[in-house]
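Notes for the one structure printed next.
The values are calculated or read from the model by the stated rules, or taken from the named source; none is laboratory data. On a predicted model such as this, the values are computed, not experimentally measured, just so you know. Backbone-built Cβ (ideal geometry, glycine too); neighbour counts: all protein chains shown. For accessibility, only protein heavy atoms count, side chains too; no ligands or nucleic acids. Shrake-Rupley method; radii C 1.70, N 1.55, O 1.52, S 1.80 Å.
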Amino acid sequence: MTHPNLNAGFQKISRHDGLFKEYVHDAYKAKGKLQEPSVCTKCNAVFHNGRWQWQPAPTNAHSIICPACHRVHDHYPAGFITLKGDFFHAHREEIMHLVHNHEQHEKKEHPLKRIMSEEDKDGTTLITTTDIHLARGIGEALHHAYQGELEFHYNPDQILLRINWTR
Ligand SMILES: [Zn+2]
């Protein structure tokens, strides 16, 4: 599968949209309801007590592929963050360090929150993520640390979030 069209089906939303309050399980490629406990055979994340966590797999765990590993395999991200601007270029290393720190911190608690790829093109860096909440968290962390302009665009049909940060 290729990247979805980042212009079609997106609408601008507020940074404080109610969508971020509820946490919906990523059902990407899920076949029916997730059985408990389950273990991902690619990354060893365990689904137990209604959430994904890093823990030793229970002996009776079902073997599955988690939504994050499915997305990585299919190159089908949920979150897209574009970074650009003069300030960004002047401080790129420091800013990317903050991005990676944020991901590491989140991933420790939430195994499905991962950065998938980073790509530089025409002066813009595009970061893709397996989870829209991670994309939002990175955008908020950048804005908190460096201000700048932060814009959110949401595609409700495919549950994709695109974030533009410019400084
Ligand atoms: Zn996995």
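Tabulate in residue order the Karplus-calculated ³J(HN,Hα) for the stretch 74-80, using 6.51 cos²θ - 1.76 cosθ + 1.60 with θ = phi - 60°, rounded to whole Hz; enter x for Gly and Pro.
Rounded to whole hertz, the list is 8, 6, 10, x, 9, x, 9.
With every protein chain kept in place and ligands, DNA and RNA left out, what is the accessible area per residue of the chain? Probe 1.4 Å, answer in Å².
Heavy-atom SASA per residue in the chain reads 56 Å².
Which FRET efficiency value, to the nearest 0.05, is calculated for ASP86 and GLN55 with the Förster distance at 41 angstrom and r the Cβ-Cβ distance? Before the final figure, lay out each step's value.
On the way: r = 45 Å, r/R0 = 1.09.
Efficiency at R0 = 41 Å is approximately 0.40.
Using a 1.4 Å probe on the protein heavy atoms, what percent of the accessible area of the stretch 18-167 belongs to carbon and sulfur?
50 percent
Using modelled amide H (1.01 Å from N, peptide plane; none on Pro or chain starts), what sits under 5 Å from the amide H of LEU160, excluding residues fewer than 5 places away?
ASN155
Cα axis of helix 132-146 to longest principal axis of the chain: angle in degrees, 0 to 90, nearest 10?
Long axis of 132-146 versus the principal axis of the chain: about 40 degrees.
Would you mind getting me the FRET efficiency between GLU93 and GLU36? Use the beta-carbon distance for r and R0 = 35 Å, nearest 0.05.
Values: r = 42 Å, r/R0 = 1.21.
Efficiency at R0 = 35 Å is approximately 0.25.
Using Cα pairs closer than 8 Å and at least 6 residues apart in sequence, work out the relative contact order for the chain, in percent.
Answer for the chain is 27 percent.
For the stretch 1-80, what does the relative contact order come out to in percent, with C-alpha contacts under 8 Å and a separation of six or more?
33 percent
Considering only C-alpha atoms, what is the centroid distance from the stretch 88-124 to the stretch 7-24, in Å?
The two parts, judged by their Cα centres, are 21 Å apart.
To the nearest 20 debye, what charge dipole does the chain have about its Cα centre, counting +1 at the Cβ of each Lys and Arg and -1 at the Cβ of each Asp and Glu? Show your work: numbers first, answer last.
Working: 19 positive and 20 negative charges, 101 e Å.
Using only the charged Cβ atoms, the result is roughly 480 debye.
At 7 Å along the Cα-to-beta-carbon direction for both ASN7 and HIS75, put a label point, then send me their distance in nm to one decimal.
Using points 7 Å along Cα→Cβ, the separation is 2.1 nm.
As a test of understanding, state the convex hull volume per residue of the stretch 1-148 from its alpha carbons, in Å³. Could the numbers behind the result be given before it?
On the way: hull volume 19.7 nm³, N = 148.
It comes to 133 Å³ per residue, whole-number rounded.
Using all Cα-Cα distances in the stretch 72-124, what percent lands in each 10 angstrom bin from 0 up to the longest?
All Cα pairs considered, the percentages come to 20, 48, 28, 3.
Would you kindly derive the ³J(HN,Hα) couplings of the stretch 102-116 from the backbone phi angles with the Karplus curve 6.51 cos²θ - 1.76 cosθ + 1.60 (θ = phi - 60°), listing them in order in whole Hz, with x for Gly and Pro?
Rounded to whole hertz, the list is 4, 4, 4, 4, 5, 5, 4, 8, 10, x, 8, 9, 9, 7, 9.
Sequence gap of 8 or more, or different chains, plus Cα separation below 28 Å: how many lysine pairs satisfy both in the stretch 1-66? Intermediate results must be reported in sequence, preceding the final value.
Details: LYS12/LYS21; LYS12/LYS29; LYS21/LYS29; LYS21/LYS31; LYS21/LYS33; LYS29/LYS42; LYS31/LYS42; LYS33/LYS42.
The number of close lysine pairs in the stretch 1-66 is 8.
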